[in-house]
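Data first, discussion second: the structure below is written as structure tokens.
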Amino acid sequence: MKQLLNTLYILTPDTYLFLENEAIGVKIGGEEKVRVPAHTINSVYCFGNVTVSTPLIGFCGQRGISLVFLSEYGKFYGRIQGPVQGNILLRRRQFAALDDLVFSKRLVRSILLGKLVNSREFLMRVRRERKEKEEVFMNSIQKIARIAEELRESPGIDSMRGLEGAAAAAYYAAFSAMLVSEEMGFEGRNRRPPEDPVNALLSFLYTLLKNDVQSALEGVGLDPAAGFLHTLRPGRPALALDLMEELRSPLCDRLCVALINRGQITRKHFEQLTPPVLLGENGRKIVLKAWQERKKEQIQHPFLQEKISIGLIPHAQAMLLARVLRDELDEYPPFHWR
């Protein structure tokens, strides 16, 4: 299994990144603060006004280190990646599969069933901890279970999308009941822009996950734009969005709830509380530290039956999808958080 490397997050405004003896140097206000050995880094995330030297850009491209650029508050701008990795024959199989309706339906059904199972598992776990809200949780759990049965018999991808939307509505209807404090406010999932602190935190975490999944797909040689569930659009990483679905609840939602319930993230960590609600710099630092620590934890992968770091789950799922496209596996096994 691939080794889990670190991600370098740059949040301080007016930071300058440069290359020095195969290390990534960091200057703030003209003063060098740190050098990080490049062989330990997988990605560099640049938030806000960050300058990157041309030699470092070229070096990262050659070494497969992705440079990701986001706004100060986490809105994705773009990424610089080196030459496309992997076998052209694999990507050819991927493109051919887009026109294979039978394959596409089977893959989409597997991904969405994985999402519903993970959503239901999370609700059941929180229900045991918050028994005073049991009725709220049971209502959503039962709805998701019924939708999962319908999804198994759904005839087409459009109908599956509709069922996924209904399941998401049932899931988020119980989300506020997971939160110990009501001060954060959550009345349902919204974005572009997020209208409350919880949605702002979720959107930030989903952005981090999307970039990790996209890097994983590129790492195994798949095209992250050629997806099956999400509609194809120029510049849209549809396949990364597809594989994110089964991972949102176990990797992002659980961390979101934990950060709020432990008091690590509160209203004071947001720069403004009216739309668009924005996570402040201190809040971003707390979230990124927790995200990195979480990725280092070990779990038993339910299909591979081996211990891997949580941060390698996107890579494992991308690798399994590649095996399906090569006809080495009959069905795509979605990740099931137990």
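Some notes on this structure:
- Per residue, the solvent-accessible area of the stretch 31-108 (1.4 Å probe, heavy atoms of protein chains only, all protein chains present) comes to 55 Å².
- Apportionment of accessible area to carbon and sulfur, the stretch 1-115, percent (1.4 Å): 53
- Considering only Ser176, Pro234, Ile310, and ranking their Cα positions along the charge dipole of the chain that arises from unit charges at the beta-carbon of Lys, Arg, Asp and Glu, the one farthest toward the positive end is Ile310.
- Rounded to the nearest 20 debye, dipole of the chain from Cβ charges on Lys, Arg, Asp, Glu: 280
- Kirkwood hydrodynamic radius over Cα pairs of the stretch 91-193, then Stokes diffusion coefficient at 20 °C and 1.002 mPa s, in µm²/s: 141
- Averaged over its residues, the stretch 218-275 has an accessible area of 38 Å² per residue, based on protein heavy atoms and a 1.4 Å probe.
- Principal axis extents of the C-alpha atoms in the stretch 1-121 (largest first, rounded to whole Å): 58, 36, 27.
- Normalised contact order of the stretch 253-324, rounded percent, pairs of Cα under 8 Å and 6 or more residues apart: 17
- When restricted to Cα atoms, the stretch 242-322 yields an Rg and a Dmax of 15.3, 46 Å, respectively.
- Per-atom-type breakdown for the stretch 187-338 gives carbon and sulfur 47% of the accessible area (1.4 Å probe, protein chains only).
- Share, in percent, of DSSP beta bridges within the chain that are antiparallel, nearest 5: 60
- Once you divide the Cα radius of gyration of the chain by 2.2 N^0.38 Å, the number left is 1.01.
- Between the stretch 139-188 and the stretch 106-126, the C-alpha centres lie 10 angstrom from each other.
- Given +1 at the Cβ of Lys and Arg, -1 at the Cβ of Asp and Glu and no other charges, the dipole of the stretch 144-258 around its Cα centre is 220 debye to the nearest 20.
- For the stretch 42-199, a crude dipole built from +1 on the beta carbon of Lys and Arg and -1 on the beta carbon of Asp and Glu, taken about the Cα centre, is about 680 debye to the nearest 20.
The values are calculated or read from the model by the stated rules, or taken from the named source; none is laboratory data. Just so we're clear, the structure is a prediction, and the values are computed from it rather than from any experiment. Backbone-built Cβ (ideal geometry, glycine too); neighbour counts: all protein chains shown. Areas reflect the complete protein model, heavy atoms only, side chains present, ligands, DNA and RNA absent. Shrake-Rupley method; radii C 1.70, N 1.55, O 1.52, S 1.80 Å.
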